[in-house]
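Contents: one structure, followed by commentary.
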Amino acid sequence: MSLHAGIEALDFCYDGERAMAPFAPVLVGVVGSGNLEVLLEPDEPGAAPQCHVSVETSARGFGPIWAAVLSDFHARHSLAGVKVSIHDMGATPAVVSLRLDQAVAELSTGGRP
């Protein structure tokens, strides 16, 4: 994959305990200044019970902050069999956590309000 100049790509993987039943992809948020979008998708059938997180961010050099925010997210939700894609335009850690929790809430309700 080719990324635009200035975009940093980060990848994280966590062993999960909360296996998700089959689900349609969930998308929350928008890619815009100070915001981000989060996409949750089911992992490939037969994949290890893990949560794979891929981050593309315009805010370079914040890998340790991303690691802390995503570790906290995983400690709360421990998803397994899920791919998380994040497209960030400089969101604060609080906004990242909000969007991740919003995506899990959508996943848990099947998109119902």
Check your understanding: Can you name the residue in segment 53-79 that is farther than 12 Å from F12 by Cα and in contact (Cβ under 8 Å) with a residue 60 or more places away in the chain and, of all such residues, is farthest from the chain's Cα centre (by Cα)?
Key -> S78
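Every residue, every condition in (1) in contact with an Asp or Glu (Cβ under 7 Å, 6 or more places away or on another chain); (2) among the aliphatic types (A, V, I, L, M); (3) part of a strand (DSSP E or B), yes or no:
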{"position": "G6", "(1), (2), (3)": "no, no, no"}
{"position": "A9", "(1), (2), (3)": "yes, yes, yes"}
{"position": "V28", "(1), (2), (3)": "yes, yes, yes"}
{"position": "G34", "(1), (2), (3)": "no, no, no"}
{"position": "R76", "(1), (2), (3)": "no, no, no"}
{"position": "S85", "(1), (2), (3)": "no, no, yes"}
**Study point:** Qualifying positions in segment 67-84 - among the small types (G, A, S) and touching a helix residue (DSSP H, G or I) at 6+ places or on another chain (Cβ under 9 Å)
**Key:** A68
Check your understanding: How many of the residues making up segment 12-23 are farther than 19 Å from S54 by Cβ and either loosely packed, with under 11 Cβ neighbours inside 10 Å or in contact with a Phe, Trp or Tyr (Cβ under 9 Å, 6 or more places away or on another chain) (or both)?
Key -> 2
**Study point:** Candidates H74, H52, filtered to the one that is farther than 18 Å from I7 by Cα, crowded, with 18+ Cβ neighbours inside 10 Å and touching a Phe, Trp or Tyr at 6+ places or on another chain (Cβ under 7 Å)
**Key:** H74
Exercise for review: Please state which of the following conditions G46 fails to meet, knowing it meets all the rest: (1) touching a residue at least 40 places away in the same chain (Cβ under 8 Å); (2) part of a loop (DSSP other than H, G, I, E, B).
Suggested key: (1)
Point to revise | Residue list for segment 1-21, filter: modelled with pLDDT of 85 or more and under 20 Å from F62 (Cα atoms) | key: I7, E8, A9, L10, D11, F12, C13, Y14
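Residue by residue, here is whether (1) free of Cβ contacts under 8 Å to residues at least 60 places away in the same chain; (2) over 17 Å from C13 (Cα atoms); (3) in contact with a strand residue (DSSP E or B) (Cβ under 9 Å, 6 or more places away or on another chain) holds:
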| residue | (1), (2), (3) |
| --- | --- |
| G32 | yes, yes, no |
| N35 | no, yes, yes |
| C51 | yes, no, yes |
| G81 | no, no, yes |
| D88 | yes, yes, yes |
| T92 | yes, yes, no |
| L100 | no, no, yes |
| A103 | no, yes, yes |
| S108 | yes, yes, no |
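The values are calculated or read from the model by the stated rules, or taken from the named source; none is laboratory data. The model shown is predicted, which means the values in this text are computed figures rather than measured ones. A quick note on method: Cβ atoms are made from the backbone with ideal geometry, for glycine too, and the neighbour counts reach across all protein chains shown.
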